[in-house]
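Working notes, beginning with the structure itself.
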Amino acid sequence: MTLVTVEVFDTEKKGRGLRATKDLAAGQVVFAEPSFAAVVFDSLSPQVCHSCFRRQEKLHRCAQCRFAHYCDRTCQRAGWEEHKQECTAIKKRGKAPNENVRLAARILWRIEKSGSIISDGQLTTVEQLQDHVTDMAPNDLKELKVNVHDFLNYWPHNGQKHGVDSISHIFGVINCNGFTLSDQRGLQAVGVGLFPNLCLVNHNCWPNCTVILNHGNQMALNALFHTQRRIELRTLEKISEGDELTVSYIDFLNVSSDRQRILRQQYFFDCTCQHCTEHLKDDLMMAVKDSNKKSDQDVKEVTEFSVKTLEKIEQARIEGNYEEVGKLCRQCLEQQEPVLGDTNLYLLRVLSVASEVLSYRHDFSEAAGYARRMVEGHMKLYHPNNAQLGMATMRAGVTLWQAGQIEAGHSMLCKANGILMITHGPSHSITKDLEAIRLQAEMELQMFQQNEAAYYSLREAALKRQPISNLAEPLEDNIRKLFRGK
Ligand SMILES: [Zn+2]
Ligand SMILES: [Zn+2]
Ligand SMILES: [Zn+2]
């Protein structure tokens with residue numbers, strides 16, 4: 001399959017890039033790309049399938065190396081080609097090396113087996129990708145050397161020989177181009193993979209495309225119907241022939257100077273996008289309530305208090321102390337509310353944690369109030385078709401529905417659906433989950449409008465049945481970055 005929608009071109013300032021070779025509509029798949037190679041994070045190795053990257057309760061362990069885990073035989077068979085040599089190497093070494101070393105080895109085994117180009121649609125080789133080894137900070141270079149050393153111990157002695165420079169190149173590529181793989185619900189980062197075409201797509205803080213992971217259909221009992229995990233580059237808006245295609249490597253919800261700093265540190269470039277150079281939306285992100293009545297000192301104090309409290313909140317969340325998280329959020333909001341505007345990032349961050357943690361604890365009505373304010377703020381800041389916005393709107397809709405605010409919940413779920421149809425597409429498992437919840441809410445809404453009493457009894461029964469829409473445990477917010485970076 002050759003790509004007919006895009007071509008590689010030389011940008012003036014950003015090296016190579018991709019541009020559209022014809023007009024594209026919003027929500028279109030520009031290309032789908034299977035991973036060149038991918039691995040599950042060390043810390044999640046027993047909890048995530050090494051073939052389809054779903055988080056599952058019960059996984060089967062590879063009897064040979066006792067390291068890799070799979071949903072079932074279908075996944076194990078599908079993953080064997082990638083795992084075969086790794087399995088022997090782990091068995092021989094007695095222990096699996098870290099995820100970077102495992103990924104580097106999988107990349108080199110893949111090149112040995114299939115060459116640098118594994119399909120007609122692949123627009124670049126791994127060798128051509130940027131590694132930024134010469135830009136690395138001394139500490140990162142030290143880590144790279146340790147990884148190269150571990151790699152040489154892990155790599156089979158009778159295998160093809162690779163020099164230190166070419167191994168370093170692979171580690172450099174993983175460092176700045178390793179794509180974060182999330183679990184099937186899009187809630188947790190579970191692994192890292194390399195997708196060569198995606199590496200060609202340059203960054204823009206206000207991009208015209210998004211990239212999502214599609215886990216494929218792993219449930220098919222018959223391996224014939226077992227489709228591969230892959231990423232999809234999807235358009236967020238209409239794009240004209242000749243326009244450059246861009247994605248955002250980081251979350252937009254940082255002021256321009258912070259975004260530029262993060263991009264410089266992790267991806268080694270200075271962002272010159274319009275939103276950065278013109279500081280667009282910075283004022284909203286730092287908004288102050290009735291600014292003429294508030295002194296700079298007030299704002300400074302509340303901001304400092306927010307930064308400190310957010311650190312404590314994160315700590316309590318990592319420890320799973322959700323009661324403490326709730327308490328800290330309420331304290332922080334009390335200080336923030338008289339001073340900070342509705343779209344202020346510090347306020348929105350607290351609202352986001354508060355709504356998620358409280359709905360996890362089944363404090364639905366308090367959570368619903370926070371969720372609604374959070375989504376309203378996010379809608380004023382994000383691109384209307386931002387994937388993060390779609391996911392946040394979906395979670396808020398579920399929370400409102402759980403709080404019994406059936407009309408508001410239903411309308412929020414419809415909004416989320418509108419966004420996810422563009423960002424994820426109709427066949428994605430998250431969109432399908434959302435559609436099921438939305439239909440349930442729609443049915444309840446009709447019933448509510450016709451007969452309130454019947455509605456309440458139905459609702460009670462639905463909540464008892466532990467519907468699919470029960471939220472997962474709030475996890476560390478670590479999937480906001482596209483590429484894993486440092
Ligand atoms: Zn699986
Ligand atoms: Zn094995
Ligand atoms: Zn920018």
Exercise. If you place +1 on the Cβ of every Lys and Arg, -1 on the Cβ of every Asp and Glu, and leave all else neutral, what size is the dipole of the stretch 6-249 about its Cα centre, to the nearest 20 Debye?
Worked result: 1220
For this session: Give me the Debye-computed log₁₀ of I(q)/I(0) at q = 0.10, 0.16, 0.19 Å⁻¹ for the stretch 85-221, equal point scatterers on Cα only, no solvent, two decimals.
Result: -0.39, -0.99, -1.31
Exercise. Once Rh for the stretch 148-200 is found with the Kirkwood sum over Cα pairs, what is the Stokes-Einstein diffusion coefficient at 20 °C and 1.002 mPa s, in µm²/s?
Worked result: 164
Seminar exercise, completed: Here, E323 and V307, labelled 7 Å along Cα→Cβ, have an inter-label distance in nm of 3.2
Seminar exercise, completed: For the chain, the longest principal axis of the Cα atoms and the Cα long axis of helix 99-114 enclose an angle in degrees, to the nearest 10, of 50
For this session: Could you point to the residue in S291, G15, P384 farthest towards the positive end of the chain's charge dipole, with +1 and -1 charges on the Cβ of Lys/Arg and Asp/Glu respectively?
Result: G15
For this session: Quick one: angle between helix 429-450 and the longest Cα principal axis of the chain, in degrees between 0 and 90, rounded to 10, please.
Result: 20
Seminar exercise, completed: Expected sort for S182, S427, S365, S51 with the fewest Cβ neighbours (10 Å cutoff) up front is S427, S365, S182, S51
For this session: For a footprinting-style exposure proxy, rank S45, S429 by other Cβ within 10 Å, fewest first.
Result: S429, S45
Exercise. In whole Å, what is the distance between the alpha-carbon centres of the stretch 137-211 and the stretch 399-448?
Worked result: 36
For this session: Grab the Cα-Cα distance for E241 and V8, subtract it from 0.36 nm times how many residues apart they are, and report the gain in nm with one decimal.
Result: 82.6 nm
For this session: Set the Förster radius R0 to 56 Å, insert the Cβ-Cβ distance between S257 and H149 as r into 1/(1 + (r/R0)^6), and round the FRET efficiency to 0.05.
Result: 0.90
For this session: Could you pull out the pairs from K22/K238; K380/K432; K84/K113; K289/K380; K293/K380; K14/K142 whose alpha carbons sit more than 21 Å apart here?
Result: K380/K432; K293/K380; K14/K142
Exercise. In terms of modelled amide H atoms, which long-range or inter-chain residues lie less than 5 Å from the amide H of Y249?
Worked result: N204
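So how do L236, L400, L3 line up by other beta-carbon neighbours within 10 Å, fewest first?
Values: L236 23, L400 29, L3 18.
Ordered from fewest to most neighbouring Cβ atoms within 10 Å, L236, L400, L3 come out as L3, L236, L400.
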Exercise. How many nm separate the modelled label positions at K294 and A454, each set 7 Å beyond the Cα in the direction of the Cβ?
Worked result: 4.9
Exercise. By how many degrees, between 0 and 90 and to the nearest 10, does the Cα long axis of helix 387-402 differ from the longest principal axis of the chain?
Worked result: 40
Seminar exercise, completed: With label points set 7 Å from each Cα along the Cα-to-Cβ direction at S166 and A137, the distance between them in nm comes to 3.2
Exercise. So, how do all the Cα-to-Cα distances of the stretch 6-249 break down into 5 Å bins, in percent, from 0 on up?
Worked result: 1, 6, 13, 17, 18, 16, 13, 9, 4, 2, 0
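If you take the beta carbon distance between C414 and E314 as r and set R0 to 30 Å, what does 1/(1 + (r/R0)^6) give as a FRET efficiency, to the nearest 0.05?
Calculated transfer efficiency: 0.40.
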Seminar exercise, completed: Phi-derived 3J(HN,Hα) across the stretch 284-296 with the Karplus relation (6.51, -1.76, 1.60, θ = phi - 60°), rounded Hz, x for Gly and Pro, is 5, 5, 10, 4, 10, 6, 6, 4, 5, 8, 9, 7, 4
Exercise. Hey, how many Å between the Cα centroid of the stretch 246-324 and the Cα centroid of the stretch 92-108?
Worked result: 36
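Could you work out the helix-only [θ] at 222 nm for the chain, with each DSSP H run of four or more residues adding -39,500 (n - 2.57) and the total divided by the number of residues, to the nearest 500 deg cm²/dmol?
Per the formula, -15500 deg cm²/dmol.
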Problem set entry | Contour excess over end-to-end distance, with Cα ends at E337 and A436 and 0.36 nm allotted per residue | 32.1 nm
Exercise. Rounded to the nearest whole Å³, what is the per residue volume of the convex hull around the Cα atoms of the chain?
Worked result: 168
Exercise. Once the piece of chain linking R66 and R330 is laid out straight, how much longer is it, given 0.36 nm per residue of separation minus the C-alpha distance between them?
Worked result: 90.5 nm
Exercise. Projected onto the charge dipole of the chain (+1 at Lys/Arg Cβ, -1 at Asp/Glu Cβ, origin at the Cα centre), which of A89, I111, C176 gives the Cα projection farthest towards the positive end?
Worked result: A89
Seminar exercise, completed: What the 10 Å binned alpha carbon P(r) of the stretch 173-328 shows, as percent of pairs per bin from 0, is 8, 24, 31, 24, 10, 2, 0
Seminar exercise, completed: For K95, counting only aspartates and glutamates whose alpha-carbon sits under 17 Å away and dropping same-chain residues fewer than eight positions off, the answer is D42, E86, D150
Exercise. What dipole magnitude, in Debye to the nearest 20, does the chain give about its Cα centre under +1 on Lys/Arg Cβ and -1 on Asp/Glu Cβ?
Worked result: 1560
Problem set entry | the stretch 6-249, relative contact order [Cα under 8 Å, separation at least 6], % | 32
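Since every read-out is calculated from the coordinates, none of them should be taken as a lab result. Just so we're clear, the structure is a prediction, and the values are computed from it rather than from any experiment. A quick note on method: Cβ atoms are made from the backbone with ideal geometry, for glycine too, and the neighbour counts reach across all protein chains shown.
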